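For reference, the structure is listed below as structure tokens.
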Ligand SMILES: [Zn+2]
């Protein structure tokens, strides 16, 4: 059987024939793809014709198609359905990919050829392609001496290996830390279904009796809001907070080692710190500007968190402990706003939220229509596929939804592209949204929480960013924007979840069909600020911690990571003993194995644009086709084909203001 990845698929949208592709095929195609790409790069570098835009930058964009096609299909399947055979080849693929990046960016002949092209006649997207490509090469070390390039390759290799090790140990630490309870009484407050799942988990982990509570990645475990026994809450919380601190699965030293190596690499590349290097590539003007923004937000957020703690103490009758926070916070919401967030899921059925909520908002704003198709080969039977059409009936792309949790799926929720919208190749986009909604048992409806409703809208915002991309070149397409900009379109799309014209369209009681109570929508609005002090503080704590780890100078060694974490947070005016970081050093996968190093600040940075955009829609009449078209034209379709902040100003008519964010998060003065 020939490797199906070696030729473009003949299916519609060149959709990969997933069931026919084995792990060995992926590895073989990646290896062959790297070899082929190196040959192509060599012919670009050694072309004897005078350098032209076409034979340098455009040729570079055209190169590496086998590798690109193979890696995009591989990444889709590995993250969503990473079976054992794929896990076995994954370290090989990671290291192949990382050393291939160095092989491209550190190739002197290739870089010299690119840099020798005179681009001053170019304009628009072509000019942008030249400046962005050269910037990427330089940031990756293209101009270093050959001797320094040797050191850089070695550092990159070690950092890639340490990232894999961090994740492997973290997985072990998560399993090891899951607390075991002997009796159901200790777990009072959980539903029958949750108890049954905990009993299954205990058996699977080798216990002969009792219940095991498996952990999710952030510090806050969802069950803390409902466990009635304070000691059980303390055990679950402590297990979460101390992951990676002890024994064989200790991750703290790997984190410290990585931070040290990143500082060394930053110095080699001519920067003071890793954070400075990262900020060079961001939309934020400087590291100082990011620090200043965080420093401005911390005091009012902490003041709000302390005020919330006082409210909690009133209802609990004693000073609040961090493990009791979520439980009493839910109690205050019930008492003060008569709002039972847990009960909302009865009104949110997955298919309705998607087709009558998410899709309807996209129809009203952008004129899109969706038609499900069942003729394409899937990597898992739970995946669903829709054709997406523009208002005039023309095909826009394919949208894949893979919503249910399974043991082979990575945690969290994400969007990715199997193909990007790139006119150089005449390609139409194929984008996916992957979530981790617990799968209902056969015959039961899939009900989702309010948080999951928001996640569905959020991830679809990323999908729109990919689908609407109208650029020529792959490296500038769609979501290929700076890290601190990419969360902006997705956050904007969350605004429609509770919108008065969208919510009633999808929210109905799954058994009785009863409409979503108007009173409940009002309660949600009234309670919007409750808990924001805690949420903002726990987020800012993680952002400050990330920057602290990545502001080390070369040679600076952190011997005691725990003490370091505590010190930098207290110095920033945070209160980690009461409101711990959303992720602590021991389990901060975003920054130690996830591409967000010195970038966790991005969420609030993007949210400034998001909140300001919300205001623009309100000022201009809300959910209207004309508004959607304007947002699509100036922003969503642009990708990185022009400076993203220029796109923002073209959309908004001015630079973003921070006030709408301060109001939304309850941080405005007076
Ligand atoms: Zn996102």
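The values are calculated or read from the model by the stated rules, or taken from the named source; none is laboratory data. The structure displayed is predicted, hence computed values, not measured ones. Positions of Cβ are backbone-derived with ideal geometry, glycine not excepted, and every protein chain shown enters the neighbour counts.
Brief remarks follow.
- Test: residue 360 is in a helix (DSSP H, G or I), at pLDDT 95 or above and under 20 Å from residue 629 (Cα atoms): yes
- Unique match (being touching a strand residue (DSSP E or B) at 6+ places or on another chain (Cβ under 8 Å) and farther than 17 Å from residue 429 by Cα) among 32, 80: 80
- Of the residues making up the stretch 508-546, those that are farther than 30 Å from residue 635 by Cα and surrounded by 21 or more Cβ atoms within 10 Å (Cβ to Cβ) are 533, 534, 537, 538, 541, 545.
- Qualifying residue in the stretch 334-348 (condition: modelled with pLDDT of 95 or more and touching a strand residue (DSSP E or B) at 6+ places or on another chain (Cβ under 8 Å)): yes
- In summary, helices (runs of 4 or more DSSP H) completely within the stretch 92-186 and bearing 3 or more residues that are free of Cβ contacts under 8 Å to residues at least 24 places away in the same chain occur at 124-139, 146-177.
- Any hit, the stretch 201-216, residues being surrounded by fewer than 18 Cβ atoms within 10 Å (Cβ to Cβ), within 20 Å of residue 580 (Cα to Cα) and either over 26 Å from the mean Cα position of the chain (by Cα) or touching a residue at least 60 places away in the same chain (Cβ under 8 Å) (or both): yes
- Residues located in the stretch 423-434, provided they are within 16 Å of the ligand (Cβ to nearest atom) and either free of Cβ contacts under 8 Å to residues at least 12 places away in the same chain or closer than 24 Å to residue 85 by Cβ (or both): 432, 434
- Selection count where residues are away from the ligand (no atom under 16 Å from the Cβ) and either outside any strand (DSSP E or B) or on the phi > 0 side of the Ramachandran plot (or both), scope the stretch 398-422: 7
- Test: residue in the stretch 435-452 that is within 12 Å of the ligand (Cβ to nearest atom), under 18 Å from the mean Cα position of the chain (by Cα) and either over 30 Å from residue 204 (Cβ atoms) or touching a residue at least 40 places away in the same chain (Cβ under 8 Å) (or both): no
- Of the residues making up the stretch 651-661, one or more are assigned to a helix (DSSP H, G or I), closer than 21 Å to residue 289 by Cα and over 23 Å from the mean Cα position of the chain (by Cα).
- Helices (runs of 4 or more DSSP H) fully within the stretch 469-528 counting 3 or more residues that are touching a residue at least 24 places away in the same chain (Cβ under 8 Å) and within 16 Å of the ligand (Cβ to nearest atom): 483-493
- Contact map, the stretch 258-272: first residue within 10 Å of residue 555 (Cα to Cα), second residue in a helix (DSSP H, G or I), Cβ cut-off under 7 Å, separation 6 or more or different chains; pairs are 261/155; 261/158; 261/159; 263/274; 264/155.
- Set 319, 313, 326, 305: member being surrounded by fewer than 18 Cβ atoms within 10 Å (Cβ to Cβ) and at pLDDT 95 or above: 313
- Condition check for residue 614: over 25 Å from the mean Cα position of the chain (by Cα), over 18 Å from residue 479 (Cα atoms), modelled with pLDDT of 95 or more and not assigned by TED's automatic domain parsing to the domain that holds residue 497: no
- Filtered residues of the stretch 594-617 (kept if buried (at least 24 other Cβ atoms within 10 Å of the Cβ) and not in a helix (DSSP H, G or I)): 597, 598, 599, 600, 601
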